[in-house]
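Step one of this worksheet: look at the structure below.
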Amino acid sequence: AQTVTQSQPEMSVQEAETVTLSCTYDTSESDYYLFWYKQPPSRQMILVIRQEAYKQQNATENRFSVNFQKAAKSFSLKISDSQLGDAAMYFCAYRSGGTSYGKLTFGQGTILTVHP
Amino acid sequence: DTAVSQTPKYLVTQMGNDKSIKCEQNLGHDTMYWYKQDSKKFLKIMFSYNNKELIINETVPNRFSPKSPDKAHLNLHINSLELGDSAVYFCASRRRGPGTGELFFGEGSRLTVL
């Protein structure tokens, strides 16, 4: 079974600075997808960024980018120019590319605090 | 226009009661899910339906029973509620098929069992 590990329970960053959230996963599959979801205090789960395992290029969405290291099974999220609205819990998630019916396996989450 | 909507958003009830949480999606997706987020914020899948057919059934007590009257709706019924059932329950949906196919989540339903 696949597992996802987020080793940082909490992180903090100053507004306008850059922060990196770590995620590692364990799988024997070659075809899979990785995601970062954000959960602000409102509880809503919001997709931040996604990465297909077959793509070598790291995904980027505005201030959010990932460092995908397939051999190391690492998928970190970098937030540049941090804003107060980035404060939330961030979840790394894995989905098999095979017949998984879209099942997501989540990490434990990292609480991000942004200081003004 | 809420894509995935859940009702109720908050539910407080006594141990032993039976309760239901409803979910509806207007995205035209084929697959719907129930996830449970416990007090430590850990998210775990419970069930998934694809076009009214149960396709994922994780190790969940029999007291939990999902029902999908059509592909736009997936309800969760819980019998004989226990203290440990207190959690936030998320409904989600996804278009079936290959590709990244992100999950769209509802706002969650916070269940408190007293």
Worksheet item: Name the chymotrypsin sites (Phe, Trp or Tyr not before Pro) in the stretch B:39-114 that are in a loop by DSSP and that have at most 15 other C-beta atoms within 10 Å, would you?
Response: B:F42
Worksheet entry | Charge dipole of the stretch B:1-110 about the Cα centre (unit charges at C-beta), most positive-ward option of B:P66, B:Q6, B:V88 | B:V88
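Quick one: net charge around A:Q108, please, counting Lys, Arg +1 and Asp, Glu -1 for every other residue with C-beta under 13 Å from its C-beta.
Values: positive: B:K40, B:K41, B:K44; negative: A:E10, B:D38.
Result for the neighbourhood of A:Q108: +1.
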Discussion item. Using a 7 Å offset from the Cα along the Cα-to-Cβ direction at both B:T13 and A:S30, what is the distance between the two label points in nm, to one decimal?
Written reply: 4.8 nm
Worksheet item: Using +1 on the beta carbon of Lys and Arg, -1 on that of Asp and Glu, and nothing else charged, what's the dipole of the protein assembly as shown about the Cα centre, debye to 20?
Response: 340 debye
Item to complete: Just flag the chymotrypsin sites (Phe, Trp or Tyr not before Pro) in the stretch A:1-92 sitting in loop per DSSP whose Cβ has no more than 12 other Cβ atoms within 10 Å.
Response: A:Y54
Fill in: Set of lysines with alpha-carbon distance to B:K36 below 30 Å, sequence-local pairs under 8 removed
A:K38, A:K70, A:K73, A:K78, A:K103, B:K9, B:K19, B:K22, B:K44, B:K52, B:K67, B:K71
Worksheet item: What percent does the relative contact order of chain B come to when contacts are Cα pairs within less than 8 Å and at least six residues apart?
Response: 37 percent
Worksheet, complete the sentence: Gyration tensor on Cα atoms of chain A, a ≥ b ≥ c root eigenvalues, a/c under 1.5 rounded, else prolate if a/b beats b/c, else oblate, says prolate
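If you take the square roots of the eigenvalues of the alpha-carbon gyration tensor of the stretch B:35-107 and sort them as a ≥ b ≥ c, do you get rounded (a/c under 1.5), prolate (a/b over b/c) or oblate? Working shown, then result.
Working: a/c = 2.13, a/b = 1.40, b/c = 1.52.
Here the stretch B:35-107 falls in the oblate category.
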Response to the item:
Residues whose modelled amide H sits under 5 Å from the amide H of A:Q2, counting only those 5 or more places away in sequence or on another chain, are none
Worksheet item: Using r as the Cβ-Cβ distance of B:K44 and A:Q14, and R0 as 30 Å, what FRET efficiency do you calculate, to the nearest 0.05?
Response: 0.35
Worksheet item: To the nearest 0.05, how large is the calculated FRET efficiency for B:N57 and A:Q2 if R₀ is 22 Å and r is the Cβ-Cβ distance?
Response: 0.75
Worksheet item: Between B:S20 and A:D81, how many nm apart are label points set 7 Å from Cα along the C-beta direction?
Response: 4.9 nm
Worksheet, complete the sentence: Per DSSP loop assignment and a cutoff of at most 14 other beta carbons within 10 Å, chain A keeps its longest run without exposed trypsin sites (Lys or Arg not before Pro) at A:1-54
Worksheet entry | Efficiency of FRET from Cβ geometry, A:S42 and B:L83, R₀ 30 Å, rounded to 0.05 | 0.70
Item to complete: State the Cα centre-to-centre distance between the stretch A:1-32 and the stretch A:68-82 in whole Å.
Response: 7 Å
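Quick check for me: using +1 on Lys/Arg Cβ and -1 on Asp/Glu Cβ, what's the dipole size of chain B about its Cα centre, in debye to the nearest 20? All intermediate terms of the calculation are to be shown ahead of the outcome.
Details: 15 positive and 12 negative charges, 22 e Å.
Result for chain B is approximately 100 debye, rounded to the nearest 20.
Run the numbers on chain A and let me know its relative contact order in percent, using alpha-carbon pairs under 8 Å that are six or more apart. Show your work: numbers first, answer last.
Working: 284 pairs, mean separation 43.2, N = 116.
The value is 37 percent.
What list do you get for A:M11, A:M89 if you sort them by fewest beta carbons within 10 Å?
Values: A:M11 16, A:M89 19.
Going from least to most buried by this count: A:M11, A:M89.
We did not get these values from a lab; they are worked out from the coordinates using the rules stated. Everything quoted here is computed from the prediction, not taken from an experiment. Positions of Cβ are generated from backbone atoms using ideal geometry, with glycine treated the same way; all protein chains shown enter the neighbour counts.
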